Every structure is written in structure tokens, then in C-alpha cells.
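The values are calculated or read from the model by the stated rules, or taken from the named source; none is laboratory data. Small disclaimer: the values here were computed from a predicted structure and weren't measured. Don't worry about glycine lacking a Cβ; one is built from the backbone with ideal geometry, like all the others, and counts go over all protein chains shown.
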Amino acid sequence: MKNIFILMLLALSSCSNSDENQDNFVLDTMIEFEVRDNQGNDMLDPENSNSYDESQIKLLYLNNGKYVEFYDSSLDHPKNFLIYKHANNYRIRVFINNDINEDKPETIIQWSENEKDTIRVEIARTNRSELIKSIWMNEEYIWDESYKTEPFFILEK
């Protein structure tokens with residue numbers, strides 16, 4: 001009886017954590033920007049009188065041929081972006097559209113009523129991950145995974 005119990009313990013302890021890891025999902029569909037005017041002023045710094053008003057910034061996702069404003073009150077960042085201070089400058093982290101029904105999902109950052117930028121991405125998908133593979137900003141190809149860097153950009157307005 002002792003031997004069976006020991007064998008059962010050995011069998012249980014030899015189970016790897018790979019079963020647990022199979023439940024993990026990697027979602028890496030965010031892009032970060034510093035936004036500056038043509039004189040180098042930080043357009044996300046709330047102390048800058050000409051900065052963008054965070055409450056007015058919107059993300060619009062292309063879904064089924066229509067742009068829909070993103071808002072989910074259950075999220076920590078309901079508008080799906082975050083502005084934060086990094087070193088001496090402010091950055092915006094944008095969680096882009098990753099709609100599986102879109103070939104190259106599009107996200108519009110509407111900075112103000114009259115100003116916007118369009119981000120289009122190619123996403124590499126597996127059954128356990130979604131990773132940005134390529135990025136276009138306003139139809140200009142600006143990044144791909146071969147760069148071996150995080151998708152961070154300085155956007156001049």
C-alpha cells in the first residue's frame with residue numbers, strides 16, 4: 001500500500017506545469033507614442049496649455065465597415081488608452097483594434113474634433129496568442145516585428 005501511495009505521489013509530482021501554461025494567452029496589441037508639436041513641446045503634458053485634452057481623445061475601431069468608438073466601463077482604462085509620464089515626457093499607450101474579422105484591423109486616434117491619425121496593423125495569431133506583426137500609420141509603413149524593438153514612436157503633429 002505504501003508503494004502505491006508513493007508511486008501516486010511521484011506520478012502527481014512529475015506532472016509538469018505545461019498543462020497550466022496551455023491555458024495562458026499572450027495578447028500584445030498595444031502601441032506607445034510620445035506626441036510633440038513641431039517645436040518639440042509635449043502635446044500630452046497636461047501642464048502644456050496647447051496639449052490634447054485627454055477627456056476629448058477617442059479611439060475608433062473599424063468593425064464590419066463602420067468606425068465605432070471604443071468604451072468599456074468595466075476596464076481600468078475604459079477608452080482603451082492610457083496617458084502616463086515616462087522619464088521626462090508623457091506617453092500614450094493605445095490598445096489597438098484586434099478584431100479577428102478584420103484582415104488588417106484599423107484604429108483611429110481622434111485627438112480632437114479636427115485631428116486624427118489612423119493605425120492599421122497586421123496581427124500574427126495562434127490559438128494562444130495575438131501579436132502585432134506590422135504597423136502602418138496614416139498609410140505609411142512604420143514598423144514590423146523584424147525590428148526587434150517594442151512598437152514605440154515619436155509622433156510630430
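The figures follow:
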quantity: Selection from the stretch 95-130 of residues that are among the hydroxyl-bearing types (Ser, Thr, Tyr) and within 12 Å of the chain's Cα centre (by Cα); calculated: Thr107
quantity: All positions within the stretch 129-142 that are buried (at least 18 other Cβ atoms within 10 Å of the Cβ) and at pLDDT below 95; calculated: Ile132
quantity: Conditions (1) of a type outside the set (Lys, Arg); (2) surrounded by 10 or more Cβ atoms within 10 Å (Cβ to Cβ); (3) at pLDDT below 95; number of the one not met by Glu69; calculated: (3)
quantity: Matching residues in the stretch 47-62 - criterion: being farther than 16 Å from Asn97 by Cα and either in contact (Cβ under 8 Å) with a residue 40 or more places away in the chain or under 21 Å from the mean Cα position of the chain (by Cα) (or both); calculated: Tyr52, Asp53, Glu54, Ser55, Gln56
quantity: Single residue of Leu75, Leu62 found to be at pLDDT 95 or above and either on the phi > 0 side of the Ramachandran plot or not in a loop (DSSP other than H, G, I, E, B) (or both); calculated: Leu62
quantity: Residue in the stretch 118-128 that is exposed (fewer than 14 other Cβ atoms within 10 Å of the Cβ), acidic (Asp, Glu) and either assigned to a strand (DSSP E or B) or in contact with a Pro (Cβ under 6 Å, 6 or more places away or on another chain) (or both) present; calculated: no
quantity: Looking only at the stretch 63-81, and only at residues there that are among the hydrophobic types (A, V, I, L, M, F, W, C) and in contact with a strand residue (DSSP E or B) (Cβ under 6 Å, 6 or more places away or on another chain), the one that is farthest from Asp99 (Cα to Cα); calculated: Phe81
quantity: Test: residue in the stretch 92-108 that is loosely packed, with under 12 Cβ neighbours inside 10 Å and assigned to a strand (DSSP E or B); calculated: no
quantity: Enumeration of residues in the stretch 131-146 that are under 28 Å from Tyr52 (Cβ atoms) and either under 17 Å from the mean Cα position of the chain (by Cα) or in contact (Cβ under 8 Å) with a residue 12 or more places away in the chain (or both); calculated: Ile132, Ser134, Ile135, Trp136, Met137, Asn138, Glu139, Ile142, Trp143, Asp144
quantity: Of all residues in the stretch 28-46 being more than 21 Å from Glu130 (Cβ to Cβ) and part of a strand (DSSP E or B), the one that is nearest to the chain's Cα centre (by Cα); calculated: Glu34
quantity: Total residues in the stretch 47-59, condition within 13 Å of Lys79 (Cβ to Cβ) and either of a type in the set (Gly, Ala, Ser) or not in a loop (DSSP other than H, G, I, E, B) (or both); calculated: 5
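Residue by residue, here is whether (1) closer than 17 Å to Phe153 by Cβ; (2) out of contact with any His (no Cβ under 7 Å at 6 or more places or on another chain); (3) not charged (D, E, K, R) holds:
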site: Asn50; (1), (2), (3): no, yes, yes
site: Gly65; (1), (2), (3): no, yes, yes
site: Tyr71; (1), (2), (3): no, yes, yes
site: Asp76; (1), (2), (3): no, yes, no
site: Arg93; (1), (2), (3): yes, yes, no
site: Glu102; (1), (2), (3): no, yes, no
site: Gln110; (1), (2), (3): no, yes, yes
